[in-house]
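Have a look at the structure below before the remarks.
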Amino acid sequence: DANIIEPDECKTLPGLFRLRTARSQNKPAYRFFDAKTNTWKDRTWSEMAGHIAAVAAALSSEGIRAGDRVAILMSNRCEWVACEQAGLALGAVIVPLYANDQAESIGYILQDCSADVLFLEGEEHWKPLQEIRPVLDRLKLIVSIEPIGQGAAKNLVSFATWRASEGKALVNPTVSPDSLATIVYTSGTTGKPKGVMLSHRNILWNARSGLRHIHINEDDVFLSFLPLSH
């Protein structure tokens, strides 16, 4: 299929996103339900690329560089993807957290991976995390997607005001296909959670192998029902 982007062509996950955006600019990338307007909305590849570039610019201004750990604690939403891709665009390592995990477990993971930044959804996640406030205070930055009114911290910022108004065009970071892309922690059912280290090549070839067995075309729509932290 000429529309498939090969791992050797894109080399990294942000490289894949950049090439897909170039090929599918004005086509829908994501469809999400907006509870405020009670409607489904689309975001095109180019719209998402602009969103990601703005978040990447804000992260870069905070001194986030290749190899730094960026943790994400939120339910499935476009901002989850934007924060992940923005971190990857800088060569950072993404650490996804279960949105309904216990504060003690989250605190352990943040310390174990030496997280620099934490993206979270809002009050629903912020309040339980007060149990691990000493861990949170050691983070370089905490960004909340939704406004938080109570128990603010000096390293806590609101996504809307923190995010750059615009960013530079997405470019490939200076990382190799074998660079660490993400650390996915196990559920910890047999003790403390263990971090599984996955490279860009690991994930790209998993996706490519799946496409060899399942025929997918550009008009297909996928329902995301598992947590993106998977």
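The values are calculated or read from the model by the stated rules, or taken from the named source; none is laboratory data. Bear in mind the structure is a predicted one, so any value in this text is a computation, not a measurement. All Cβ positions, glycine included, derive from the backbone under ideal geometry; neighbour counts span all protein chains shown. The accessibility values were calculated without ligands, DNA or RNA, using every heavy atom of the protein model including side chains. Shrake-Rupley method; radii C 1.70, N 1.55, O 1.52, S 1.80 Å.
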- [ ] Give the relative contact order (percent, whole number) for the range 86-212; include only Cα pairs under 8 Å separated by 6+ residues.
- [x] 26
TODO: Among (1) 18.4; (2) 19.0; (3) 20.0, find the value of Kirkwood radius over Cα pairs in Å that was calculated from the structure presented, and write down its label.
DONE: (1)
Task: Potential lengthening between A153 and E6 on full extension [0.36 nm per residue; Cα-Cα distance subtracted] - done: 48.5 nm
- [ ] Heavy atoms only, probe 1.4 Å: what % of the accessible area of the range 1-133 goes to carbon and sulfur, would you let me know?
- [x] 47
Task: Cut-off under 5 Å, modelled amide H: who pairs with V93 long-range - done: G67, D68, R69, V70
- [ ] Kindly report the accessible area of the chain per residue (heavy atoms of protein chains, probe 1.4 Å, no ligands, DNA or RNA), in Å².
- [x] 54
Task: Assigned charges on the beta-carbon of Lys, Arg, Asp, Glu; the range 91-160 dipole about Cα centre (debye) - done: 280
Open item on the list: For a quick check, take a GNM of the chain with Cα springs below 10 Å and name the residue from I216, I183, I94 with the largest mean-square fluctuation.
Closed with: I216
Task: Distance (nanometres) between label positions extended 7 Å along Cα→Cβ at K192 and D42 - done: 4.8
TODO: Quick one: which residues, 5+ away or cross-chain, put their amide H under 5 Å from the amide H of Y30? H built at 1.01 Å from N.
DONE: R43
TODO: First select every other residue whose beta carbon is under 13 angstrom from the beta carbon of W40; then total the charges, Lys and Arg +1, Asp and Glu -1.
DONE: +2
TODO: Enumerate the lysines that K11 could reach by cross-link, defined here as Cα to Cα under 21 Å, with residues fewer than 8 away along the same chain left out.
DONE: K168
- [ ] Using a Förster distance of 30 angstrom, determine the FRET efficiency expected from the C-beta separation of E124 and K27, and round it to 0.05.
- [x] 0.35
